[in-house]
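Visitor: The structure is given below, and queries will be raised subsequently.
None of the figures in this text is laboratory data; all of them are computed from the coordinates on show. The model shown is predicted, which means the values in this text are computed figures rather than measured ones. Here Cβ is always computed from backbone atoms with ideal geometry, including for glycine, and neighbour counts include all displayed protein chains.
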Amino acid sequence: MTFLGVILGYAKRLAASVELADQHSADLQELREQMADVTKRMEQLHAELAQVRLESRLEREKLVLQLENALLRFEKRLPAPKSGRDPK
């Protein structure tokens, strides 16, 4: 193998390495964009979950208040308690 052949072989390997490095850079950029998208979606899901939890808690509190009000209305309809003493 001649000196020129060795140099040409190195040049080919260098060109292939540069092409591979460029492809890796492009792949990394695509992965970064995908990760940014996933992160954004996760943040949205987190916000939605927090909102659902808040709405659920408020709904439960509302139901408890409605139940308490119903019980109070029912108690008002009951006759007054009789005295605990026997009239003699």
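Visitor: Would you calculate, for the chain, the mean residue ellipticity at 222 nm contributed by helices, counting each DSSP H stretch of 4 or more residues as -39,500 (n - 2.57) and dividing by all residues, to the nearest 500? Before the final figure, lay out the partial values.
Guide: Details: 1 runs with 75 residues, N = 88.
About -32500 deg cm²/dmol.
Visitor: Using the Cα centre as the reference, give the magnitude of the dipole from point charges on the C-beta atoms of the chain (Lys, Arg: +1; Asp, Glu: -1; all else neutral), rounded to the nearest 20 debye.
Guide: Result for the chain is approximately 1100 debye, rounded to the nearest 20.
Visitor: Of A11, A50, L71, which is farthest along the charge dipole of the chain in the positive direction, counting Lys and Arg as +1 and Asp and Glu as -1 at C-beta?
Guide: L71
Visitor: Let me ask something additional. Mind putting a number on the dipole of segment 26-77 about its Cα centre? Charges go on the C-beta only, +1 for Lys and Arg and -1 for Asp and Glu, and I need it in Debye to the nearest 20.
Guide: The dipole magnitude comes to about 620 debye.
Visitor: Which distance in nm do the two modelled labels at M42 and L20 give, with both placed 7 Å along the Cα-to-Cβ direction?
Guide: Placing both labels 7 Å beyond Cα along the Cβ direction yields 3.1 nm.
Visitor: Which entry is the computed Kirkwood radius over Cα pairs in Å for this structure: (1) 21.2; (2) 14.3; (3) 13.3?
Guide: Of the labelled values, this structure produces (1).
Visitor: Provide the descending list of Cα extents for segment 26-77 along its principal axes, expressed in whole angstroms.
Guide: 76, 7, 5
Visitor: On C-alpha positions alone, give me the angle between the axis of helix 3-77 and the longest principal axis of the chain, in degrees, nearest 10.
Guide: For 3-77 against the chain, the angle is about 0 degrees.
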